[in-house]
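K.L.:
Before we start, here is the structure in question, set down as C-alpha cells.
The values are calculated or read from the model by the stated rules, or taken from the named source; none is laboratory data. Here the structure is a predicted model, which is why all the values come from computation and not from measurement. Note that each Cβ is placed from the backbone with ideal geometry, even for glycine, and that neighbours are counted across all protein chains shown. These accessible areas exclude ligands, DNA and RNA; they are computed on the full protein's heavy atoms, side chains included. Shrake-Rupley method; radii C 1.70, N 1.55, O 1.52, S 1.80 Å.
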Amino acid sequence: MWCRVWFKASRIFKEGSRRVISMVSVPSHWYNIAADLPVPLPPVRDPDTGPSRIELLTKILPSMLIDQEFSGERWIPIPDEVRRMYEKVGRPTPYRRAENLERALGLRDVHIYYKFEGILPSGSHKLNTALAQAYYAKQDGAEEVVTETSAGQWGLATSIAAALFGMKCTIFMTRASYKSKPQRRILMQVLGATVHPSPSDLTEIGRKLLEKDREHPGSLGIAISEAVEYVLKEPEKRRYLPGSVMEFVLIHQTVIGLEAIEQMPEQPDIVIACVGGGSNFGGFTYPMIGMKLREEGFEKTRFIAVESKAAPKLTSGRYMYDHPDTSGILPLIKMYTLGKDFVPPPIHAAGLRYHGAAPSLSILVKLGIVEAVAYEQEEVMRAAQLFARCEGIIPAPESAHAIKAVIDVAKKASPGTVIAFNLSGHGLLDTDAYSRVLGIQ
Amino acid sequence: MVHVPMTVSSCTKLILYLTATYPNTTTFLNIIETVSHIVDMFEIGVPTTNPKYDGPTIRMTHRTAEVKGLNALDILRGNMSRDFIIMAYMEDHVDKLDIFLRKCAEIGAKGVLMPDLLFDYYDMVDKFVNECRRFGLEPCFFISSKFPYREVERLVTYRPLFIYLGLQACSGVRLPIFIERNVKIYKSIIGDRCPLVVGFAIKSPDDVRLLKKIGVDGVVIGSAFIKEIARCGVECGLKLLESLKRALVE
Ligand SMILES: Cc1ncc(COP(=O)(O)O)c(C=O)c1O
C-alpha cells in the first residue's frame with residue numbers, strides 16, 4: 001500500500017505543482033509507528049502494589065483496541081464499516097494553502113499549508129478514533145460507551161459515534177468546562193448522551209474530591225478515572241473509550257497524515273501540530289515521521305509539537321512511568337509527565353490540559369526527532385484571531401497553539417520553506433475563549 | 001549435563017521458568033529434579049524486589065522466594081542436569097554487571113536474559129553482549145510484541161542464543177491479543193537466522209500446538225506451572241508439562 005501512496009506523492013512533488021489534489025480516497029490501513037521507531041517502546045507496567053491493572057484492561061476496553069495497543073503490525077487494516085463511516089462523515093478532509101496568512105505575515109516564498117479536521121461533524125479530529133472505537137465496542141457486544149471530556153471535543157465525537165452505531169453514551173465532563181462550555185454539552189445531549197460534571201458523586205474518586213472542594217474544576221486525569229470506575233461497575237455492558245494517549249488512538253488518527261501525504265503538492269520542511277495527549281500530533285505527523293525513519297521521504301523535515309504552558313509535559317515534564325489516569329486504575333506507561341495528580345489551571349484550550357503525552361511521542365521527543373514548544377493562552381488566541389481574519393476559519397483554541405508556532409517559525413524561515421500544520425478543529429463553539437482572552441464583548 | 005542444542009529446527013523446545021528458591025530451596029530443587037526429564041531448558045529468575053515486567057503470579061514468586069538476590073543462584077551449582085539460562089533485570093545489576101555475569105558463569109548457566117535491557121538500557125546492548133561473551137555466556141534478547149523491525153534485524157546480527165518474544169503485556173496475564181499475527185511478523189523478520197522463543201501466559205496444549213505450527217523454536221511456561229503447583233503440588237505441575245510436551249512432539 002505504501003508504495004502506491006508514496007509514488008503518487010513523489011510524482012506530484014517532482015512536477016513541482018502547487019495544485020491541491022482533491023481526489024484522494026480514505027486510506028485502507030492505519031499506520032503503527034511502533035514498527036519503525038529507532039528504539040523500542042517501553043512496555044506498559046503494573047505498579048508495585050495492588051491488583052494487576054493490565055489484567056483489568058479486558059474489563060475496560062473493547063478487545064480489538066487491546067489487540068491494537070499490542071500489535072506489531074505496521075499497517076493495520078481499517079474495517080470496511082469504519083471506512084464507510086469515515087466517508088459518511090466527510091473524509092478525506094481538505095488540505096489547503098493559507099495564502100492570505102502568508103501575505104499578512106509578509107512572507108517571501110514561504111508556503112503554509114493546513115489539513116482541516118474541523119469540517120467533520122464533530123468539529124475536530126476526535127471523530128476519527130471515536131468511530132473506530134465505538135465500532136469495536138459494539139463488536140464486543142457492549143451497549144454503552146463511556147468516556148471523559150474537557151472542552152467537549154472528545155465527548156461530542158464519542159456522542160456522534162455512539163449515535164451512528166446505535167449505542168448509549170455516558171460522558172464525564174471536567175467541571176470547569178461543564179460550566180464554561182455549555183454548547184458542546186448541550187449538543188452531546190441532543191445526540192442522546194448523558195453528561196455528568198466531573199468530579200461527580202457517581203464514583204468513589206469523584207466523591208472524595210468533592211468532599212475536599214465542592215467546586216473542584218476537575219481535570220482530564222480525574223474524568224478518565226471516573227469513566228473507568230463507572231465502566232467497572234457493569235463491565236459486561238459498558239466499554240471505556242479513551243480520547244488520546246493510548247497508542248491505538250494515535251494509530252486511528254493516522255488517517256489524517258496518510259491523506260495529507262497524498263494531498264501535498266510539495267513536501268513540507270516543517271510539520272507542526274498541537275499536543276493534548278498526542279493523538280492529534282501523532283495522527284498528522286507519524287505517517288511522515290515513519291517515512292523519515294524508513295528513509296523513504298521527509299528526510300530533512302522538522303516536526304514540532306506544540307503544547308500549552310498550562311500543561312507543559314514535553315517541555316518541563318519528566319520521562320518516567322506514570323498512570324494515564326489520576327486514580328491509577330490504568331497500567332503505568334512510560335511518558336513525559338507532570339505527574340498524575342497535576343491539575344492544570346483551567347485554560348480555554350481544555351483539550352490540552354493533560355498531564356502526560358503518548359509513549360511513542362514521548363520517545364520521539366526524547367530522541368530529538370520531534371521538537372517541543374509551549375505557549376501561553378493569550379499569544380495563542382491572538383494567533384487564532386489573525387488566522388481567522390486571513391483564512392475565514394475560526395480555529396479551536398487547541399489548534400490555535402499550532403498556528404502560533406507556525407507563525408513564529410514562518411517569520412524566521414528562509415525563502416523556499418514549506419510549512420504544514422494540522423488545524424485539528426474549528427472554534428465555532430469557543431466564543432467564550434475568544435471573548436474573554438481577546439476582550440471582545 | 002544434558003545439552004539440547006538451541007537451534008532453529010522443526011522441534012519446538014519446552015522451557016520452564018522458575019524463580020530461584022521459590023517457594024523454598026528444598027521444593028525448588030525437588031521441582032528441578034522432578035521435571036528435568038521433560039524440560040529442554042530452564043530459565044531461572046534472580047529474585048528481585050522490582051520484577052517490573054512480570055504479572056501477578058511471577059511477582060508473587062519474587063516476593064516469596066526463600067533467598068533474595070544473587071545468592072539465590074548458589075543452589076543451582078551442581079544441581080542442574082539440563083541447560084539453563086539466568087533471567088535478571090538490568091536495573092538490579094547495571095552497576096556491577098561483571099559480578100552478576102561472573103556468578104552466572106560460575107554456576108554453569110548457558111546464557112543470560114535481561115528483559116529490561118532493550119527498553120531501559122538501550123545503549124548498553126554492545127556492552128551486554130561483549131561482557132556475556134567474555135564470561136563464556138550466550139546473550140539472549142527479550143522483545144515485546146511491538147518491537148521495531150529494524151531493531152530486531154540488528155539483534156539477529158549479535159547471534160544471540162535466542163530472541164524471546166513476550167506474547168502478552170506481562171507474564172501470566174492473557175489479554176485479547178492476536179498473538180498468531182505478532183509471532184508471524186517477528187518470525188518472518190528473523191527467519192532461520194536465530195531461534196525464536198515465545199512466552200507469557202502460555203498454558204495449554206492447544207496454545208503450544210498453535211505456536212509450534214507457526215514455527216517457534218521454543219515455548220516458555222511460567223505462571224501456568226506456578227499456579228498448578230500451588231493448586232495441587234509438584235506432581236500436578238509435572239502433568240501439565242507432560243501434556244505440553246506431548247503436544248509439542250506429536
Ligand atoms: C481541537 C483539538 N485539537 C487538539 C486536541 C489535543 O488532542 P490530543 O489529545 O489528541 O493531542 C484536542 C483535544 O481535545 C482538541 O479538541
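K.L.:
If you go through region A:47-57 one residue at a time, do you hit one that is open to solvent by 40 Å² or more (accessible area, probe 1.4 Å), closer than 25 Å to A:TYR230 by Cβ and within 7 Å of another protein chain (Cβ to nearest Cβ)?
P.N.:
Yes, some residue in region A:47-57 is open to solvent by 40 Å² or more (accessible area, probe 1.4 Å), closer than 25 Å to A:TYR230 by Cβ and within 7 Å of another protein chain (Cβ to nearest Cβ).
K.L.:
Among the residues of region A:131-155, which ones are within 16 Å of the ligand (Cβ to nearest atom), part of a helix (DSSP H, G or I) and open to solvent by less than 10 Å² (accessible area, probe 1.4 Å)?
P.N.:
A:LEU131, A:ALA132, A:GLN133, A:GLY155
K.L.:
Counting residues that are over 24 Å from B:VAL129 (Cβ atoms), which strands (runs of 3 or more DSSP E) fully inside region B:1-116 reach at least 1?
P.N.:
Per the criteria, B:13-19.
K.L.:
How many of the residues making up region A:170-187 are open to solvent by 10 Å² or more (accessible area, probe 1.4 Å) and within 17 Å of A:GLY123 (Cα to Cα)?
P.N.:
5
K.L.:
Does at least one position in region A:100-110 carry a residue that is in a loop (DSSP other than H, G, I, E, B), in contact with a Ser or Thr (Cβ under 8 Å, 6 or more places away or on another chain), within 16 Å of the ligand (Cβ to nearest atom) and open to solvent by less than 50 Å² (accessible area, probe 1.4 Å)?
P.N.:
no
K.L.:
Turning to a different aspect of this structure: Only one of (1) within 14 Å of chain B (Cβ to nearest Cβ); (2) touching a Cys at 6+ places or on another chain (Cβ under 7 Å) is not met by A:LEU101, so which one is it?
P.N.:
Only one criterion is unmet by A:LEU101, namely (1).
For (1) buried (at least 21 other Cβ atoms within 10 Å of the Cβ); (2) more than 14 Å from every other protein chain (Cβ to nearest Cβ); (3) among the aromatic types (Phe, Trp, Tyr), each residue gets a yes or a no:
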residue	(1), (2), (3)
B:ARG77	no, yes, no
B:ASP98	no, yes, no
B:GLU106	no, yes, no
B:VAL112	yes, yes, no
B:TYR121	no, no, yes
B:ARG134	no, yes, no
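K.L.:
Is it the case that some residue within region A:16-31 is crowded, with 22+ Cβ neighbours inside 10 Å and either within 30 Å of B:ARG154 (Cα to Cα) or modelled with pLDDT under 95 (or both)?
P.N.:
Yes, some residue in region A:16-31 is crowded, with 22+ Cβ neighbours inside 10 Å and either within 30 Å of B:ARG154 (Cα to Cα) or modelled with pLDDT under 95 (or both).
Yes/no per residue for (1) open to solvent by 10 Å² or more (accessible area, probe 1.4 Å); (2) out of contact with any helix residue (DSSP H, G or I) (no Cβ under 6 Å at 6 or more places or on another chain):
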residue: B:ILE15; (1), (2): no, yes
residue: B:ALA20; (1), (2): no, no
residue: B:LEU29; (1), (2): yes, yes
residue: B:GLY45; (1), (2): no, yes
residue: B:THR49; (1), (2): yes, yes
residue: B:GLY55; (1), (2): no, yes
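K.L.:
Right, next: Among the residues of region A:62-82, are any surrounded by fewer than 20 Cβ atoms within 10 Å (Cβ to Cβ) and at the interface with another protein chain (Cβ under 7 Å from one of its Cβ atoms)?
P.N.:
yes
K.L.:
While we're here: Among the residues that make up region A:269-284, is at least one of them away from the ligand (no atom under 16 Å from the Cβ) and hydrophobic (A, V, I, L, M, F, W, C)?
P.N.:
Among the residues of region A:269-284, at least one is away from the ligand (no atom under 16 Å from the Cβ) and hydrophobic (A, V, I, L, M, F, W, C), which makes the answer yes.
K.L.:
Looking at region B:151-162, I want the residues that are more than 14 Å from chain A (Cβ to nearest Cβ) and have a partner that is assigned to a loop (DSSP other than H, G, I, E, B) and among the basic types (Lys, Arg) with Cβ atoms under 7 Å, at least 6 apart or on another chain. Which pairs are those?
P.N.:
Every condition considered, the pairs that remain are B:VAL156/B:ARG193; B:LEU161/B:LYS110.
K.L.:
Within 14 Å of chain B (Cβ to nearest Cβ) and within 16 Å of the ligand (Cβ to nearest atom), is that true of A:GLU296?
P.N.:
In short, no.
K.L.:
Could you tell me which of the residues A:ALA260, A:ALA176, A:ALA223 is modelled with pLDDT under 95 and away from the ligand (no atom under 13 Å from the Cβ)?
P.N.:
From the options A:ALA260, A:ALA176, A:ALA223, the qualifying one is A:ALA176.
K.L.:
Here is a check on your reading of the model: is A:GLU211 in contact (Cβ under 8 Å) with a residue 40 or more places away in the chain, away from the ligand (no atom under 16 Å from the Cβ), charged (D, E, K, R) and open to solvent by 10 Å² or more (accessible area, probe 1.4 Å)?
P.N.:
no
K.L.:
So which pairs qualify, if the first residue must be in region A:339-360 and within 14 Å of another protein chain (Cβ to nearest Cβ) and in contact (Cβ under 8 Å) with a residue 24 or more places away in the chain, the second must be more than 8 Å from the ligand (Cβ to nearest atom) and assigned to a loop (DSSP other than H, G, I, E, B), the Cβ gap must be under 7 Å, and the two must be at least 6 apart or on different chains?
P.N.:
A:PRO359/A:LEU41; A:PRO359/A:PRO42; A:SER360/A:LEU37; A:SER360/A:LEU41
K.L.:
Take the conditions open to solvent by 30 Å² or more (accessible area, probe 1.4 Å), in a helix (DSSP H, G or I) and under 29 Å from A:LEU65 (Cβ atoms) and apply them to B:LYS213. Does it pass?
P.N.:
yes
K.L.:
Right, something else. Kindly establish whether A:GLY192 is away from the ligand (no atom under 16 Å from the Cβ) and among the small types (Gly, Ala, Ser).
P.N.:
Criteria met by A:GLY192.
K.L.:
Here's something else I'd like to know. What is the residue count in region B:185-210 for residues that are within 14 Å of chain A (Cβ to nearest Cβ), among the small types (Gly, Ala, Ser) and either open to solvent by 20 Å² or more (accessible area, probe 1.4 Å) or at positive phi (or both)?
P.N.:
Qualifying residue count, region B:185-210: 2.
K.L.:
Now for a different question. Suppose we keep only residues that are among the hydrophobic types (A, V, I, L, M, F, W, C), more than 14 Å from the ligand (Cβ to nearest atom) and not in a strand (DSSP E or B) within region A:156-173. Which one would you say is farthest from the other protein chains (Cβ to nearest Cβ)?
P.N.:
This residue is A:ALA163.
K.L.:
Would you confirm, using the coordinates I've provided, whether A:ARG302 is among the basic types (Lys, Arg) and within 18 Å of A:ALA134 (Cβ to Cβ)?
P.N.:
no
K.L.:
Oh, and also: Applying the selection to region A:321-337, what residues are within 16 Å of the ligand (Cβ to nearest atom) and farther than 20 Å from A:ILE205 by Cα?
P.N.:
Matches in region A:321-337: A:ILE333, A:MET335, A:TYR336, A:THR337.
K.L.:
Take the residues in region A:411-428 that are buried (at least 22 other Cβ atoms within 10 Å of the Cβ) and aliphatic (A, V, I, L, M), then tell me which one is nearest to A:ARG184 (Cα to Cα).
P.N.:
Of everything passing the filter in region A:411-428, A:LEU423 is nearest to A:ARG184 (Cα to Cα).
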